[in-house]
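First the structure, in the form of structure tokens, and then the observations on it.
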Amino acid sequence: MATPGEWFEGARLRTWSASIAPVLVGSGAAAAADGFVWWKALLALVVSVAIQVGCNYANDYSDGIRGTDDQRVGPLRLVGSGVATPTAVRTAAFVCFAVAAVAGLVLALTSAIWLIAVGAVAIAAAWFYTGGDRPYGYRALGEVSVFVFFGLVAVLGTTFVQVGGITWPSVAGAIAVGALTCSLLVANNVRDIPTDAESGKRTLAVVMGDGPSRQFYVGLQALGYVAVVVLAVTTSWWVLLALLALPLAIRPIRIMLSGITGRALIPVLRDTGVSELAFSALLTVGLVLAA
């Protein structure tokens, strides 16, 4: 059984890996194109972290008021546990989204004005994942959203605001980061299959079933590393440094394939987050050296 400390650690690492990884890789791709701009990278990080944290609060609020978290086995939720009022949690979400909007506005005004629309869609996607009358996270579309916004949009956007365009390394990096971040969500949803099914939350894991979802997790992990190999073949072998993170991915893969359920899957979030952060940092170093 996972301890409360493991619950917190898993949730925290999931948040940081999902928000930091795309900015690292996107900035590495900018450096590979000799266009790294530190203050734009920093603002991109603010946007990414603020949206991710805001999304966490938004999910906490929306799932809490629906009663989805009444039998939750994962990390503590503020509304579902009664630790905080729904109004306070919703306000925290809106504050985070406001911070992301301000930082994103600066990037848009100094790069391309149409990025304002991209940012607005990203914030809306974060809210309506579990919010609103028809949350798409309850209709098996969560993984698609994560791949698009915390993979493609975050990585390519980080590169674009620095170099003014999109490069092949940024595309390959976006696919890799998107796949690994998706695997985090898959692991989370596999753990919650029983309670989500009971509450009517039809995640992709609920729709696919336990076994296929575990295979999907492994496939997403593999896609991340295959993308790096393809990038190395077409650019520089330095990016293969990212493969040094592979041993860190073995343990969560083994746990997923073991078939264990419930709280015993919580460490998978922690280990997957660690491996994604290591992968992204090493890939970033490889991209810098490739320059």
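Just so you know, all these numbers are worked out from the coordinates, no wet-lab data involved. Given the structure is predicted, the values throughout are model-derived calculations rather than measurements. Positions of Cβ are backbone-derived with ideal geometry, glycine not excepted, and every protein chain shown enters the neighbour counts.
Figures for the structure shown
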read-out	value
Distant-in-sequence amide H partners of Val37 (H built 1.01 Å from N, under 5 Å)	none
Contact order normalised by residue count of the stretch 4-290, Cα under 8 Å, 6+ apart, percent	27
Under 15 Å from the Leu257 label point (7 Å along Cα→beta-carbon), backbone N, the stretch 181-221	211-221
Sequence ranges 53-63, 30-40, 281-291, ranked by mean other-Cβ count within 10 angstrom, highest first	53-63, 281-291, 30-40
Helix-only mean residue ellipticity at 222 nm for the chain, each DSSP H run of n ≥ 4 adding -39500 (n - 2.57), per residue, nearest 500	-25000 deg cm²/dmol
